[in-house]
Amino acid sequence: MDTRHATVIRDAREGDLPAILEIHNANIATSTAIWDIDEVGIDERETWFRTRTAKGMPVLVAEVDGEVAGYASYGQWRPKVGYRYSVENSVYIADRFQRRGLASALLTELIDRAAQSGRVHAMIAAIESGNTGSIALHERFGFMVVGELPEVGHKFGRWMDLTLMQLRLPVDPRD
């Protein structure tokens, strides 16, 4: 991690939502990291934030010199009760803060929170297959490629493939 700047990984607060929204919408507009086409408004991010935190799922930010530089979270993988021990992670860094180790710092904390929760057995990353940086990041943390879905998405006038990666954490379910 770049130590020339004061970096903090912390729980997001509602006051961080405008910065989170800016990062989110920039990824919608310019990348294949988020497969939405239309940017969202602050109401959508407020609902997203409140839903995640009400369920005890972390929303984290990376703050550099007091500025939100990235965010990470995980949410329920699928809505059926049988998937209750599986989550999907998301990590996004603002363009100007790329390559400073922030994604690694966020993912480290996200995995630690999942392990400490005792409620996460499988953390899943669904990554556009051309995003080799994100795939390599997840591999460094022990995620394994468990599937490839060809041409399941379409954005920017082209078909996109999806790489599914998984990290298993120890959990003792109490059904």
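None of the figures in this text is laboratory data; all of them are computed from the coordinates on show. Computed from a prediction, not measured in an experiment: that's the story for all the values here. Because the Cβ atoms are built from the backbone with ideal geometry, glycine has one as well, and the counts that use them run over all protein chains shown.
Below are the figures for this structure:
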read-out: Reported label for calculated P(r) over Cα pairs in 10 Å bins from 0, in percent given [x] 9, 34, 29, 15, 8, 4, 0; [y] 10, 37, 36, 14, 2, 0; [z] 9, 37, 40, 13, 1; value: [z]
read-out: Percent antiparallel among DSSP beta bridges (both partners in the chain, rounded to 5); value: 90 percent
read-out: Gyration tensor (alpha-carbon) shape descriptor, the range 76-119, a/c threshold 1.5; value: oblate
read-out: Sparse-neighbourhood loop sites, trypsin sites (Lys or Arg not before Pro) in the range 83-131 - DSSP loop, at most 13 other Cβ within 10 angstrom; value: R99
read-out: Chymotrypsin sites (Phe, Trp or Tyr not before Pro) within the range 98-173: DSSP coil, no more than 16 neighbouring Cβ in 10 Å; value: F141, F156
read-out: Cα shape, the range 108-172, gyration tensor, a/c 1.5 rule; value: prolate
read-out: Max mean-square fluctuation residue, GNM over the chain, Cα-Cα springs under 10 Å, options V68, V152, V87; value: V152
read-out: CD proxy at 222 nm, helix term only [per DSSP H run n ≥ 4: -39500 (n - 2.57); per residue of the chain; nearest 500]; value: -9500 deg cm²/dmol
read-out: Size of charge dipole - the chain - debye, nearest 20, with Cβ of Lys, Arg +1 and Asp, Glu -1, no other charges; value: 560 debye
read-out: Residue (of T7, T163, F141) at the positive-pole extreme of the range 7-168, dipole from beta-carbon charges; value: F141
